[in-house]
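Colleague: Before I ask anything, here is the structure I am working with.
The values are calculated or read from the model by the stated rules, or taken from the named source; none is laboratory data. Everything quoted here is computed from the prediction, not taken from an experiment. Here the Cβ positions follow ideal geometry from the backbone for every residue, glycine too, while neighbour counts run over all protein chains shown.
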Amino acid sequence: MAYLTIIGLYSLAQIALGVWVARRVKGSRDFFVAGRTLGPGLLFATFLAANIGAGSTIGASGLGYRDGLAAIWWVGSAGLGSLVLAAWVGPRIRRIAAEHDLRTVGDFLEWRYDRRVRATVAALLWVGTIAILGGQLVGIAWILTVVVGVPKAAGCALGALVVTIYFGAGGLKSSAVVNVVQLSVKLIGFAIALPLVLGAVGGLGGLRAALPDPGMWNPWQHGESGWIYVAMLAPNFIISPGLLQKVYGARDDRAVRLGVGINAAALLVYALMSRKVKSYLAQLESDAVHLSRLSLEPVAA
């Protein structure tokens, strides 16, 4: 009951913050692109909070449990893709969007090509976005199920409700501010969890002794995980409409390079550090059923 109360209060706080920020939203420009005022700090927070979501924590933990060190490429691919976005694609598309007052990726496609291309891509994205959203909601639901026993369907509904309210209230502007809180909570949690799990297993030496299979320590390929994730996933973090929408909100090219670039560096570090936690999870027999299921249905980072 205590866990449920904490999660409930945290969710209400996010909603309240989103609604409070929404008071400053004066029109569609503020809603869609945050008035193009996001500096490096807010851009970094809103990127990283999104990129270390359900997929890169719950889903990737399942992959680490199953395949070992090779699972770092799940999150590592996001870091590599983000580097390309920060250094090349992001600054250029931000300038085009600001110059022509483009507010969505659909606006860009229509400006660059025509309405037919916009409609075709929108239809394709509609299918893909529903699948990604469904996976993210399943990730949220698994957390609620494991921690407080909330049924899967109810967990999906609660996650969707919180996100819809705080984003719908103020668009990108409220989302970016709420992401700062979310990122702070995540990083504090990881900072507490990592020393605890390493201490419980006897440090890095104990961790290696507990996992004697050399395949679990192969960083390139083991099981179904490995460097192939770079080809599969990295492009998503270069041209994803959701991430490009955030880039549209940057105030200048420098904000894109710094904000998205630091996010990329953080993702690469996170991929390495979180692997230690994932290896420890392989020893927890009580979680074997949950993690095995999650490894079969990882969701997008």
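Colleague: Looking at the stretch 73-95, which of its residues are closer than 16 Å to T57 by Cβ and hydrophobic (A, V, I, L, M, F, W, C)?
Modeller: W73, W74, V75, A78, listed by residue number.
Colleague: Does any residue of the stretch 13-31 turn out to be surrounded by 15 or more Cβ atoms within 10 Å (Cβ to Cβ) and hydroxyl-bearing (S, T, Y)?
Modeller: No, the conditions are met nowhere in the stretch 13-31.
Condition check ((1) farther than 20 Å from V180 by Cβ; (2) in contact (Cβ under 8 Å) with a residue 12 or more places away in the chain; (3) touching a Pro at 6+ places or on another chain (Cβ under 9 Å)) across all residues:
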| position | (1), (2), (3) |
| --- | --- |
| L12 | no, no, no |
| A22 | no, yes, no |
| V25 | no, yes, no |
| R36 | no, yes, no |
| R66 | yes, yes, no |
| A70 | yes, yes, yes |
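Colleague: Find all pairs meeting these conditions: Cβ atoms under 6 angstrom apart; at least six residues apart or on different chains; first residue within the stretch 238-257 and within 8 Å of L43 (Cα to Cα) and at pLDDT 95 or above; second residue part of a loop (DSSP other than H, G, I, E, B) and of a type in the set (G, A, S).
Modeller: Close Cβ pairs satisfying both conditions: A255/G39.
Colleague: Right, another one. For G106, are the conditions met, namely being surrounded by 13 or more Cβ atoms within 10 Å (Cβ to Cβ) and either within 22 Å of A13 (Cβ to Cβ) or touching an Asp or Glu at 6+ places or on another chain (Cβ under 9 Å) (or both)?
Modeller: Spelling it out, it is not the case that G106 is surrounded by 13 or more Cβ atoms within 10 Å (Cβ to Cβ) and either within 22 Å of A13 (Cβ to Cβ) or touching an Asp or Glu at 6+ places or on another chain (Cβ under 9 Å) (or both).
Colleague: While we're looking at this one, here's another question. Residues that are over 26 Å from L124 (Cα atoms) and of a type in the set (A, V, I, L, M, F, W, C): which helices (runs of 4 or more DSSP H) entirely in the stretch 196-262 hold 3 or more of them?
Modeller: Answer list for the stretch 196-262: 203-210.
Every residue, every condition in (1) touching a strand residue (DSSP E or B) at 6+ places or on another chain (Cβ under 6 Å); (2) farther than 21 Å from V75 by Cα; (3) crowded, with 16+ Cβ neighbours inside 10 Å, yes or no:
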site	(1), (2), (3)
G189	no, no, no
G206	no, yes, no
A210	no, yes, no
G215	yes, no, no
E224	no, no, no
W227	no, no, no
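Colleague: Okay, next question. Checking E99 against (1) more than 19 Å from the chain's Cα centre (by Cα); (2) under 19 Å from K186 (Cβ atoms), which test does it fail?
Modeller: Single failed check for E99: (2).
Colleague: Something else about it: Check every one of the helices (runs of 4 or more DSSP H) wholly within the stretch 1-78 and list those with 1 or more residues that are farther than 25 Å from G226 by Cβ and at pLDDT 90 or above. Walk me through how you get there before you give the answer.
Modeller: Numbers: elements: 2-22, 28-33, 40-51, 60-67.
Of the helices (runs of 4 or more DSSP H) lying wholly inside the stretch 1-78, those with at least 1 residues that are farther than 25 Å from G226 by Cβ and at pLDDT 90 or above span 2-22, 28-33, 40-51.
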